[in-house]
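As structure tokens, the structure follows; a few thoughts come after it.
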Amino acid sequence: MTGYTTVIGLEVHVQLGTNSKLFSPAPVAALGDPNTRVHHVDIGLPGVLPRPNRRAIELATRAALALGSEIQLYSEFARKHYFYPDLPKGYQISQFDLPLALGGSVVIGEGRSCRLHRLHVEEDAGKLTHTAIGTLVDLNRAGVALAEIVSEPDIREPKEAHTFLHRLREVIRFAGVSDCDMELGSMRCDANISLMPIGSDTYGTKVELKNLNSMKMVHRALEYEVRRQTAVLAAGGKVIAETRGWHDELGESRSMRSKETAPDYRYLPDPDLPPIVLDEAFVTAQREQIGELPEDRRNRYRQTHCLSDQDVTALAQDRDIGDWFELLVAAGADAKPACNWLIEELLPALRERKLKLLQSPISATGLAELLTLLKDKTLTQKTSRLVFAHLLETNVSAKQAIKDLGLGKIDDPASLQPLVDAAIAEMPQAARAVAAGTDRAIDALKGLVMRKTRGRADPGLLDSLLRTTIAANS
């Protein structure tokens, strides 16, 4: 890799969160039997006319504003011609020389951002599945509304491409535009990569990478392609302008076809669709829908709650997580334990049950009550987790869960003293070690009492009773 500068640009397709497709009333859904969500507009039957989905334009505008792009009040749809089984019309409706938005940027590191070239609206193609009996075509996805976000070639290493996608997904999710689930195909990425000699300002021959289905896959594919192109140039060869498919199981890219250019697609304005003409009131209304963006939220959590970078990153990874955290704090929970329990306890428990946060059987008020009982030492760390598990399965309050489980804290000296005496009698060596000044030996005695009380003994009172009893018997 020595001697060359890597140049990377990304083309990201984001599925807009509409209920119906871009130009037809066919429903949009991630799953379903093949070819069951197809309208005659999607397959271009003679005599049908497309009708733009206003919601798609709203969401695309919102995405562009969140990314700092400049909205073009006048834009047009165009036909992008190519012949492939997943495109029954023989063309894709997209935007060409008059896109919805220009410019913008995405942060890719400390003090570094990647500029955006444009954001345009287009329809998706169908899906091809290659099998032993032939290629199967599913047109459920054909016509689904997409925003394509095209970056400038500002990315200089694969890890920056990974950061770009992570930050872009954060912003798009926060803006309420898409769930950006790469596993379900609602966010997809193609990468363009070339190498140029260090110190040069002339880009090398560009190669496009496809079949990139996760952020990690983008990272791996780009690293491989840097090595491949470096080896070609080092051997005196020339990099070919082509589209290559990434095969993750093999850890390599393979040639698919020569790289098309814009003239190959024979773009022309779509005669069936009027231009998109927006006004400032429309743009302002979409800007107001965006709300607080991830970096603003991270900064606020640092300043207001004095949380660490790790904490604010976890809380701002998704708007719903941050909103839930704020509900916890508003219900009386302290910020740090609220963050810890949300990120380390509740979210993993919900993932095990395949539930989303908004489907949580524990409400923010209920979890805040549990944290309050833990703070005032009604619960111990051990019993609090037993109560938490009970709340996941039942629709009761934390206080009722304590009663149901018989987990009230034992903070009565008279009740604990017999258990303390029994522990000292059972572990005399530990008691003598404590009396001799080996302080950590008391943990064994405390552990024994805690096991017998199922974690219900008040830790502070237990410690005091053990020390007092040992001192009195020494």
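The values are calculated or read from the model by the stated rules, or taken from the named source; none is laboratory data. Note that the coordinates shown come from a computational prediction; the quantities given were computed from them, not determined experimentally. Glycine also receives a Cβ, built like all others from the backbone with ideal geometry; neighbour counts cover every protein chain displayed.
The selection criterion, being within 30 Å of D138 (Cβ to Cβ) and modelled with pLDDT of 95 or more, does not hold for E70.
Scanning region 358-386 for residues that are buried (at least 20 other Cβ atoms within 10 Å of the Cβ) and either of a type in the set (K, R) or in contact with a Pro (Cβ under 9 Å, 6 or more places away or on another chain) (or both) returns L371, L374, T380.
Can you tell me which residue in region 230-241 is farthest from G204 (Cα to Cα), limited to those that are surrounded by fewer than 16 Cβ atoms within 10 Å (Cβ to Cβ) and not β-branched (V, I, T)?
A235
Close contacts from region 333-349, counting a first residue that is in contact (Cβ under 8 Å) with a residue 12 or more places away in the chain and a second that is in a helix (DSSP H, G or I) and of a type in the set (F, W, Y), with Cβ to Cβ under 7 Å and a gap of 6+ residues or different chains, come to A338/F325; C339/F325; L342/W324; L342/F325; E345/F388. Would you mind stating whether R118 is among the basic types (K, R) and surrounded by fewer than 16 Cβ atoms within 10 Å (Cβ to Cβ)? Judged against the criteria, R118 is not a match.
Could we say that R319 is in contact with a Pro (Cβ under 9 Å, 6 or more places away or on another chain) and more than 30 Å from L462 (Cβ to Cβ) here? I'd like the intermediate steps shown before the answer.
Values: in contact with a Pro (Cβ under 9 Å, 6 or more places away or on another chain): yes; more than 30 Å from L462 (Cβ to Cβ): yes.
For R319, the condition - in contact with a Pro (Cβ under 9 Å, 6 or more places away or on another chain) and more than 30 Å from L462 (Cβ to Cβ) - is met.
Going by what's in this entry, would D443 be described as within 44 Å of the chain's Cα centre (by Cα) and over 24 Å from W341 (Cβ atoms)? Criteria met by D443. Within the set A398, A457, A389, the sole residue that is surrounded by fewer than 18 Cβ atoms within 10 Å (Cβ to Cβ), under 24 Å from E345 (Cβ atoms), out of contact with any Phe, Trp or Tyr (no Cβ under 8 Å at 6 or more places or on another chain) and among the aliphatic types (A, V, I, L, M) turns out to be A389. Within region 228-244, residues that are on the phi < 0 side of the Ramachandran plot have Cβ atoms under 6 Å from residues that are assigned to a helix (DSSP H, G or I) and hydrophobic (A, V, I, L, M, F, W, C) in these pairs: V239/V232, counting only partners at least 6 apart in sequence or on another chain. Selection of first residues in region 198-221 that are of a type in the set (G, A, S) and of second residues that are in a loop (DSSP other than H, G, I, E, B), restricted to Cβ pairs under 8 Å at least 6 apart or on distinct chains, gives the following pairs, ordered by first then second residue: G204/V239; S214/M182; S214/E183; A221/D248. When region 355-390 is filtered for residues that are among the charged types (D, E, K, R), under 28 Å from the mean Cα position of the chain (by Cα) and not in a helix (DSSP H, G or I), only K356 remains. Condition test on A221, is it assigned by TED's automatic domain parsing to the domain that holds D97 and part of a strand (DSSP E or B)? No, not satisfied. Checking each residue in region 349-386 for being touching a Phe, Trp or Tyr at 6+ places or on another chain (Cβ under 9 Å) and over 30 Å from G447 (Cβ atoms) picks out L357, L358, S360, A364. Output the residues belonging to region 188-219 that are among the charged types (D, E, K, R) and closer than 30 Å to E123 by Cβ. Result: R188, D190, K206, E208, K210, K216.
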